[in-house]
Amino acid sequence: MPRRVHQPLEDEEVDFVLRMSKGPVLAYFSGTWPKAIEACRAMDLVVGRIAEEYANLLTVVKIDITRCPGATKRYDVTGAPSVVLLKEGEVAARSAGSMTHAEVRDFVLAHF
């Protein structure tokens with residue numbers, strides 16, 4: 001993942017990154033179990049590209065569902081990959097499943 005994607009290792013770090021972020025946040029929930037890993041690897045590339053393209057407008061956070069169960073529960077994420085767009089700390093939109101670059105871009109832009 002590009003350096004522009006924050007990758008907190010535990011729930012407390014997720015909370016810190018989200019509190020410190022200015023503007024909208026794209027929270028990307030990823031998993032490492034066998035059924036999720038292929039889809040999540042594909043989404044890693046998509047989300048990384050979005051992070052680069054919108055670096056000045058959007059904070060991107062990759063959250064491992066297994067390592068951060070509190071954040072996963074708090075944002076009502078039930079599977080990976082999933083994305084949640086936060087504005088002013090509140091959920092503005094969510095989507096579950098693999099998405100193309102264009103779909104993620106449109107998802108983000110629709111809620112700016």
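The values are calculated or read from the model by the stated rules, or taken from the named source; none is laboratory data. Just so it is clear, the structure is predicted and the values come from calculations on it, not from any experiment. As a convention, Cβ positions derive from the backbone with ideal geometry for all residues, glycine included, and neighbour counts pool all protein chains shown. Protein only, heavy atoms only, side chains kept; ligands, DNA and RNA dropped before computing areas. Shrake-Rupley method; radii C 1.70, N 1.55, O 1.52, S 1.80 Å.
Scan ASP64, ASP76, ASP11 and give me the residue that is out of contact with any Gly (no Cβ under 8 Å at 6 or more places or on another chain) and not aromatic (Phe, Trp, Tyr).
After ruling out the rest, the residue left standing is ASP76.
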*Using the structure shown, decide if GLY23 is farther than 19 Å from HIS6 by Cβ, assigned to a loop (DSSP other than H, G, I, E, B) and not charged (D, E, K, R).*
no
*Kindly indicate whether any position in segment 40-60 is over 22 Å from LEU9 (Cβ atoms), aromatic (Phe, Trp, Tyr) and surrounded by 13 or more Cβ atoms within 10 Å (Cβ to Cβ).*
yes
*When you look at MET43, is it of a type outside the set (Gly, Ala, Ser) and over 12 Å from the mean Cα position of the chain (by Cα), yes or no?*
no
_Every residue in segment 50-66 that is more than 23 Å from ASP106 (Cα to Cα) and not in a strand (DSSP E or B), please._
ILE65, THR66
_Among (1) under 25 Å from GLU12 (Cβ atoms); (2) touching a helix residue (DSSP H, G or I) at 6+ places or on another chain (Cβ under 9 Å) - the single one TYR75 does not satisfy_ = (2)
_Out of everything in segment 67-83 that is over 20 Å from ALA110 (Cα atoms), in contact (Cβ under 8 Å) with a residue 40 or more places away in the chain and part of a loop (DSSP other than H, G, I, E, B), what residue ends up being farthest from the chain's Cα centre (by Cα)?_
ARG67
_Can you tell me which residue is nearest to ASP64 (Cα to Cα) among those in segment 1-20 that are open to solvent by 90 Å² or more (accessible area, probe 1.4 Å) and part of a helix (DSSP H, G or I)?_
GLU12
_When the residues of segment 21-39 are narrowed to those that are of a type outside the set (Gly, Ala, Ser) and under 21 Å from LEU109 (Cβ atoms), which ends up surrounded by the fewest Cβ atoms within 10 Å (Cβ to Cβ)?_
LYS22
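Quick grid of which residues meet (1) of a type in the set (Gly, Ala, Ser); (2) without any contact (Cβ under 8 Å) to a residue 40 or more places away in the chain:
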residue	(1), (2)
TYR28	no, no
ILE50	no, no
LYS62	no, no
ILE65	no, yes
LEU85	no, no
GLY89	yes, no
ALA96	yes, yes
